[in-house]
Amino acid sequence: MKQTLLVAVLALLLTACGAQGNETRPDMGMNNDGMMLRHHAEIPAEYAGLKNPIPADDESLERGAALYTTNCASCHGDGGMGDGPAGSALVPAPAPVAHTSQMMADDYLFWRISEGGAPFATSMPAWKVLDEQSRWDIVNYMRALGAGTVHPANGMGGEAYDPAVQAAHQDEMLAKAVEQEVITQEEADTFRLAHDALEQYRNEHPEITNSGGNATEREAAILSTLVDEAIITQTQADIFQDIHERLGPSGLMP
Ligand code: HEC
């Protein structure tokens, strides 16, 4: 009897450790999960490595605009800022897809659109009802919204995508983290610095988005390039990654 209990407890402990050790486990199961955890989740084999076969030409963007306005803007907003009227009460909130589509690869976006929020228990619907070309057209359109190469429709409400607003959101998040003593002010400043350097690198090298690997691996690769090029120091890169790891579970990271 005693032994059975011991075995059960041991099994439980082992499961807990295994779960913690696996950073890419997709289903953290709670509604207030950070977007960061989803961004760093392992992409299912069925989707991993998929590349967008549809060129982002005028026809695709036109199809994408119509599909996005009909199906997505109510939650994600006309400009893709995550501020559509139907999304305001959702936890977690709709992602600012104009922004995140700039840094997430084709396979991630196609997976998330196809399967929706089920793996993470969020209210993002699955869109397999749309054929594959339509889903890729929407990917093209979301990216164009974030790159500023299309004007948002004026159908559902929501701001046009604005990197300055996005940066202000992040400042707010960092200020909250400092206030709640999750990080120090100095760490917040370092985070900002490394984050801005990362963003700039991504803007200057858009091809990196589809260069393979998952978001975690790509980010680590860019950070080490930034260190090699003496744009940030190794210490700053380490602090950035450490803060990322601490902010994820705190629920502060959007
Ligand atoms: C009912 C509201 C709702 C609708 C409609 C909706 N979404 Fe979402 N979407 C969400 C929420 C909430 C999230 C954040 C949680 C998540 O990632 O699962 C999200 C997340 C996403 C993500 C993940 C972005 C990231 O950076 O992780 C993508 C991509 C996305 N939506 C695309 C779409 C597209 C394309 C459509 C239309 C075909 C659409 N969504 C329609 C609510 C919605």
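Derivation of every value follows stated rules applied to the coordinates shown; laboratory data play no part. Remember, it's a predicted structure, so these values are computed and weren't measured experimentally. Because the Cβ atoms are built from the backbone with ideal geometry, glycine has one as well, and the counts that use them run over all protein chains shown.
Each peptide in 178-187, 138-147, 191-200 was scored by the mean count of other Cβ atoms within 10 Å over its residues; highest first, the order is 138-147, 191-200, 178-187. Selection among Phe191, Ala175, Gly155 by position relative to the dipole of the range 146-216 gives Gly155 as farthest towards the positive end (Cβ unit charges, Cα centre).
Once the range 163-248 is represented by equal point scatterers at the alpha-carbon sites, with solvent omitted, what log10 I(q)/I(0) does the Debye formula produce at q = 0.11, 0.16, 0.26 Å⁻¹? After summing over all Cα pairs, the log10 values are -0.30, -0.65, -1.36. Working ranking of peptides 204-212, 75-83, 114-122 by packing, defined as the average number of other Cβ atoms within 10 Å per residue, highest first, is 75-83, 114-122, 204-212.
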